[in-house]
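The values are calculated or read from the model by the stated rules, or taken from the named source; none is laboratory data. None of the values given here were measured: they were computed from a predicted structure. Here Cβ is always computed from backbone atoms with ideal geometry, including for glycine, and neighbour counts include all displayed protein chains.
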């Protein structure tokens, strides 16, 4: 299809006729607000007479004009689109339903509702029309006359609504709008034709994986490992890290400390040793008056940990004689993440940070942390707070760090716990709602140590949920081997959540390192749950999977924490899980998921141990958005859905869990 905006082109009638005749599937639009009734009538009637297949008339058009054009279109076999646009915002669902009904009663073949989204809740509200109306679900351009039902086209304009232009196609829209090329869009948020074609390409990876065993061992926590690797670099001497298993983010941290002058060796399987000259020597060697460059790959944690440390590197003796700076660079998904909060934090501490586009890498950091009391905002990420907590002990003077609006506080506790193992004491002197104050002794020396890298609860969450679903009603028990319980890892909460949903947890304590074997079974059905994931936002994707296979509605709070992850996870979750048949809604900070499990369900009794989602679509094309947690969650969901699901790529999984598929 192609749309001709007659009100923008202002073609003469001979020109208009030639254009219409050149395209077999043309949509003619002439906005009265940009022209006049006389001009619009002349252009539209001429276009229909010359073979235009569709005509778009705004809901505000005068009745006599609408009736005249509609009659002429019907006689000539053209379909009528009656459209409503809100260029300011998005009304309530009830108001949008009323507007859609007015369009239908005016005689539309296709009802078009377009709003402006200022956030994802606005866009989701518009898309919810597809679930509420009795709209046709299919569109076939070659035999459109066979479809007697009025069709719905609903999406949102603006950057926050861009995803809805694509997702509307998955939900039943007959078509969507794209720009012919970059720079030629006629409304905010349009994809280009090339971008849309790429989104619509069939995925390269068929998700036909199965759970092949009843137990799994989980690799080390990348959150613990990255902190421990940097702490080992700050400590003069040799540190030993056991239960080590690399992933892209961990390897990135190792490459950084190697550049700092540390030696990394692997004396045994699952063990690495880091020998460091210590933070002071690193600083003097790296402060040469030339710009130091630190490459953080795609790791948001590593980037934010190093931003405060960069100011320490700028404070060596040689730095007083020359202007030193540290450049932090990355690749891939990290380049699309706004890290403005980290830049603002070190600016408030007295250093300078030059960024790209107001908050994107690369960063250029000059100056040092000044002042004995620092106040930073922790709302964007706890990782920046962790970077300060690891760097401030290296400074000569004591520091008071005040964190307002702290987020993901369990990860702050994790940083303190790792630092303590390397001989650093960080004291909480005050804590209240919306504020934490830390006291950090200056002149502290990190001490080398032997540290056991506890298993990763973020990685374990995918198997915990898979096991809870797989064992539903079939008396089977699955095992997470050798997990550390009572940790500061926020995602350990997954055990409480699956228990809340109806799974049973049996713990067996092992002799080594206080570890436990975790046995998971679900004797009956899973039921809806409610959980505040504000401090554990990484659980959102896999909890969405859990909720799909629960009976009743589940509610997860913390959507606002999802915007600056590897992808905009609020959009990614809503788009991809809607595509595979989940019933989702987003209102403000809450994600609502309606499960579709019957009163009694044993997965083994259904086709190939799978169940059907609410969507009748048996073939689904989904995208990872280059986000490891989205990809792994979609794979887990596919284990239990009777659908042919293809995913665009799985390479992103290597960021945190390269052996995920092998262990599955």
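Looking at 407, 468, 464, which one is in contact with a strand residue (DSSP E or B) (Cβ under 9 Å, 6 or more places away or on another chain), touching a residue at least 60 places away in the same chain (Cβ under 8 Å), under 30 Å from residue 550 (Cα atoms) and surrounded by 15 or more Cβ atoms within 10 Å (Cβ to Cβ)?
468
Does residue 555 satisfy the criteria of being crowded, with 23+ Cβ neighbours inside 10 Å and within 30 Å of residue 477 (Cα to Cα)? The answer is no for residue 555. The set of residues from region 568-593 being surrounded by fewer than 18 Cβ atoms within 10 Å (Cβ to Cβ), touching a strand residue (DSSP E or B) at 6+ places or on another chain (Cβ under 9 Å) and part of a strand (DSSP E or B) comprises 590, 592. Checked against (1) surrounded by 20 or more Cβ atoms within 10 Å (Cβ to Cβ); (2) modelled with pLDDT of 95 or more, residue 381 passes all but condition (2).
Counted as qualifying within region 238-319 are the strands (runs of 3 or more DSSP E) with 2 or more residues that are in contact (Cβ under 8 Å) with a residue 40 or more places away in the chain and in the same structural domain as residue 443 (by TED's automatic domain parsing), namely 271-276.
Annotation note: of 528, 502, the sole residue that is crowded, with 18+ Cβ neighbours inside 10 Å and under 25 Å from the mean Cα position of the chain (by Cα) is 528.
In region 17-39, what count of residues is obtained for those that are touching a strand residue (DSSP E or B) at 6+ places or on another chain (Cβ under 8 Å), more than 13 Å from residue 61 (Cα to Cα) and touching a residue at least 24 places away in the same chain (Cβ under 8 Å)? Within region 17-39, residues that are touching a strand residue (DSSP E or B) at 6+ places or on another chain (Cβ under 8 Å), more than 13 Å from residue 61 (Cα to Cα) and touching a residue at least 24 places away in the same chain (Cβ under 8 Å) number 5.
Among the residues of region 648-664 satisfying the criterion of being touching a helix residue (DSSP H, G or I) at 6+ places or on another chain (Cβ under 6 Å) and not in a helix (DSSP H, G or I), which is farthest from residue 216 (Cα to Cα)?
650
Taking only region 1-57 into account, find how many residues are part of a strand (DSSP E or B) and touching a helix residue (DSSP H, G or I) at 6+ places or on another chain (Cβ under 7 Å).
Number satisfying all stated conditions: 6.
Of all residues in region 401-414, none are farther than 26 Å from residue 219 by Cβ, more than 29 Å from the chain's Cα centre (by Cα) and not in a strand (DSSP E or B). Against the definition (within 19 Å of the chain's Cα centre (by Cα), within 20 Å of residue 252 (Cβ to Cβ) and surrounded by fewer than 16 Cβ atoms within 10 Å (Cβ to Cβ)), how does residue 361 come out, yes or no? No: the conditions fail for residue 361. Annotation note: of 284, 273, the sole residue that is out of contact with any helix residue (DSSP H, G or I) (no Cβ under 6 Å at 6 or more places or on another chain) and more than 24 Å from residue 417 (Cα to Cα) is 284. Of all residues in region 534-567, those being assigned to a loop (DSSP other than H, G, I, E, B) and in contact (Cβ under 8 Å) with a residue 40 or more places away in the chain number 10.
Put simply, of 513, 517 the only residue that is in a helix (DSSP H, G or I), under 24 Å from residue 489 (Cβ atoms) and more than 22 Å from the chain's Cα centre (by Cα) is 513. In the set (1) at pLDDT 95 or above; (2) surrounded by fewer than 13 Cβ atoms within 10 Å (Cβ to Cβ); (3) within 29 Å of residue 160 (Cβ to Cβ), the condition left unmet by residue 62 is number (3). Scanning region 419-446 for residues that are touching a strand residue (DSSP E or B) at 6+ places or on another chain (Cβ under 7 Å) and assigned to a loop (DSSP other than H, G, I, E, B) gives 434, 442.
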